[in-house]
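Here the structure comes first, spelled out in structure tokens, and everything after it is commentary.
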Amino acid sequence: MKHSIPTIAALVALGGFMLPANAAGKLCKLEIAGTDLMKYDKEELKVAADCAQVELTLKHTGKLPAQAMGHNWTLVKTPDLTAVANAGMSAGLEKDYIAPGDKRVIAHTKVVGGGQSTSITFPTGTLKKGEDYSFLCTFPGHSALMKGKLVFG
Ligand code: ZN
């Protein structure tokens, strides 16, 4: 036992050093657009099980400013959708309408206005096959129309 700790530390150090640049795994890219009509252009997004990370780009194809028709893209488990939307409502635009520290939020972009776009990259490590995931816009009132399913697996 005496030697186990230095040995593990050495292995971890070596492993870290030897990891190739793509060790984070396959990066899968998704795109979705939001409009001035309070709609996303997709109702479902699919992430294959071999995607280690997802790069999601949200484009606001409208013209209205973020204060009037802001959109974000927020990923949650479907049963958490309403609670996350309600909690985000009072967080304000400067917090992207996401309640600070809301653990139910798996990933989210910032809020963008017309003509803007934003991207996030998040790991799929916490996603489970068969779990029911939804995405939504947490701008107050938008999730009634701006929501869809994310299928992992
Ligand atoms: Zn929105």
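Residues that are within 12 Å of the ligand (Cβ to nearest atom) and not β-branched (Val, Ile, Thr) were ranked within segment 111-122; the one that is least open to solvent (accessible area, probe 1.4 Å) is Gly113. Condition check for Asp102 on (1) within 15 Å of the ligand (Cβ to nearest atom); (2) within 19 Å of Gly125 (Cα to Cα); (3) open to solvent by 20 Å² or more (accessible area, probe 1.4 Å): one failure, at (1).
Sub-8 Å Cβ pairs linking a first residue in segment 123-139 that is open to solvent by 70 Å² or more (accessible area, probe 1.4 Å) and assigned to a loop (DSSP other than H, G, I, E, B) to a second residue that is of a type outside the set (Lys, Arg) and within 16 Å of the ligand (Cβ to nearest atom), at least 6 apart or interchain, number zero. Of Asp36, Asp80, all but one fail to be under 30 Å from Lys26 (Cα atoms) and out of contact with any Asp or Glu (no Cβ under 7 Å at 6 or more places or on another chain); the exception is Asp80.
Ala87 meets all of the listed conditions (1) away from the ligand (no atom under 15 Å from the Cβ); (2) open to solvent by 70 Å² or more (accessible area, probe 1.4 Å); (3) more than 24 Å from Phe152 (Cα to Cα); (4) part of a helix (DSSP H, G or I) but one, namely (2).
The values are calculated or read from the model by the stated rules, or taken from the named source; none is laboratory data. Note that the coordinates shown come from a computational prediction; the quantities given were computed from them, not determined experimentally. Note: ideal-geometry Cβ built from the backbone for every residue, glycine included; neighbour counts use all protein chains shown. Accessible surface is based on the protein model in full, side chains and every heavy atom, while ligands, DNA and RNA are left aside. Shrake-Rupley method; radii C 1.70, N 1.55, O 1.52, S 1.80 Å.
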